[in-house]
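Taking it in order: structure first as structure tokens, then the write-up.
The values are calculated or read from the model by the stated rules, or taken from the named source; none is laboratory data. Keep in mind that this is a model prediction, so the values were computed, not measured. A quick note on method: Cβ atoms are made from the backbone with ideal geometry, for glycine too, and the neighbour counts reach across all protein chains shown. When the accessible area is computed, the model is the full protein with side chains, heavy atoms only, and any ligands, DNA or RNA have been set aside. Shrake-Rupley method; radii C 1.70, N 1.55, O 1.52, S 1.80 Å.
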Amino acid sequence: MDDGGTLSLGKSMKLQQLRYIRGVAQHDLNLSLTAEALFTSQPGLSKQIRLLEEELGVQIFERSGKHLVRITAAGEKILELAQRILTDVDNIRLTGREYSDPQHGTLSIATTHTQARYMLPPVIENFIRDYPEVRLNMHQGTPAQIAQLAASGEVDCCIATEAMELFEDLVMLPCYRWNRCILVPRDHPLCRETPLELEAIARYPIVTYVFGFTGRSRLDQAFAARGLTPNVVFTATDADVIKTYVRLGLGIGIIASMAYDPDIDADMRALDAGHLFESSITKFGLRRGLTLRGYMYDFIKLFAPHLSREKVDQAMAARRAEEVEQLFADEELPDY
């Protein structure tokens, strides 16, 4: 076996072929996107899938002309086994590296802008101090994108609030609770609303997160529960962009409280909205079955101090998401 994945699993089966079929499934059967993501050509990708199907004697994907249209029943089972094999291969490599050189390696993190900008800087600063020989890679995207990166093994872990529950291959560790604030100019009429109510907020145009980002679903649920339709005039994935358009007078902002900096944002006021919206929980996602290196445990603990190595191991050993939830049912999470 070499890093190119030429391990023989049968007469001619290769790890790379398993990576190809997994990639196709992860990219909604889009061969062009899969080839781009895996740094190969579309004809080469198609050829290797055909060769694997010929060796196995079954179709993994049904086709309509040159297009893949669905995964066959046999394909579903083959993909499940392929994921186990690829996870085991990754774990063999990680175990070897952990024992041969525990202070060196890489750590790839996928996360959202809010986490990368406001929560991770002190964590990464301390981690680099403790592990100067570990190379850190950070990927940003939508919650669904970053969860998929972790589930597929393209990154080691992901940190997000939304969409993580969509991926059964992820073990989700609760890190902290957070809520929102209403961002307004310092002389805005809402500053005189006591107590602040959703009905008052609904009277103004709103600038906030794109649906599916940073707890946006909680916001929509709160308005719907009161029979209100918020006038959302502009959305963005980035709290700093939202602030910019509040400053331009486009509307009032609704952002994560952690994204308000009293020094940098001194020209605006952050009105507490914790009583108006249900709090959200940011979670740390790890691929089920992944072997963690020592510095990975330390990174997790830096981000969420209550996540000890023992707790993480217990969660990783759980078979179902419900078992993980039960493990942390009585955990007092910090608030931000």
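Only a single item in (1) surrounded by 17 or more Cβ atoms within 10 Å (Cβ to Cβ); (2) hydroxyl-bearing (Ser, Thr, Tyr); (3) under 30 Å from residue 154 (Cα atoms) is not met by residue 260, and it is number (3). With respect to the conditions (1) open to solvent by 70 Å² or more (accessible area, probe 1.4 Å); (2) under 22 Å from the mean Cα position of the chain (by Cα), residue 124 falls short on a single one, namely (1).
Every residue, every condition in (1) at pLDDT below 85; (2) of a type in the set (Val, Ile, Thr); (3) more than 18 Å from residue 285 (Cα to Cα), yes or no:
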{"site": "76", "(1), (2), (3)": "no, no, yes"}
{"site": "95", "(1), (2), (3)": "yes, yes, yes"}
{"site": "98", "(1), (2), (3)": "yes, no, yes"}
{"site": "106", "(1), (2), (3)": "no, yes, no"}
{"site": "118", "(1), (2), (3)": "no, no, yes"}
{"site": "121", "(1), (2), (3)": "no, no, yes"}
{"site": "124", "(1), (2), (3)": "no, yes, no"}
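Just one of the listed residues (206, 159) is modelled with pLDDT of 85 or more and more than 30 Å from residue 295 (Cα to Cα), namely 206. Please work out if residue 324 is among the hydrophobic types (A, V, I, L, M, F, W, C) and modelled with pLDDT of 90 or more. So residue 324 does not fit the description; no. Entry remark, the range 209-242: residues being more than 14 Å from residue 112 (Cβ to Cβ) and surrounded by 22 or more Cβ atoms within 10 Å (Cβ to Cβ) number 1 in total. Looking at 44, 75, just one residue is of a type outside the set (Val, Ile, Thr), open to solvent by less than 40 Å² (accessible area, probe 1.4 Å) and touching a residue at least 24 places away in the same chain (Cβ under 8 Å), and that residue is 75.
When the range 47-71 is filtered for residues that are exposed (fewer than 15 other Cβ atoms within 10 Å of the Cβ) and farther than 17 Å from residue 13 by Cβ, the ones remaining, listed by number, are 62, 63, 64, 65, 66, 67, 69, 70. Within the range 288-323, being assigned to a loop (DSSP other than H, G, I, E, B) and closer than 15 Å to residue 155 by Cα holds for 288, 289, 290, 291, 292, 293. Within the range 36-50, the set of residues being touching a helix residue (DSSP H, G or I) at 6+ places or on another chain (Cβ under 9 Å) and more than 18 Å from residue 86 (Cβ to Cβ) comprises 36, 41, 42, 43, 44, 46. If you go through the range 100-115 and keep only what is surrounded by 18 or more Cβ atoms within 10 Å (Cβ to Cβ) and within 23 Å of residue 176 (Cβ to Cβ), you end up with 107, 109, 110, 111, 112, 113, 114, 115.
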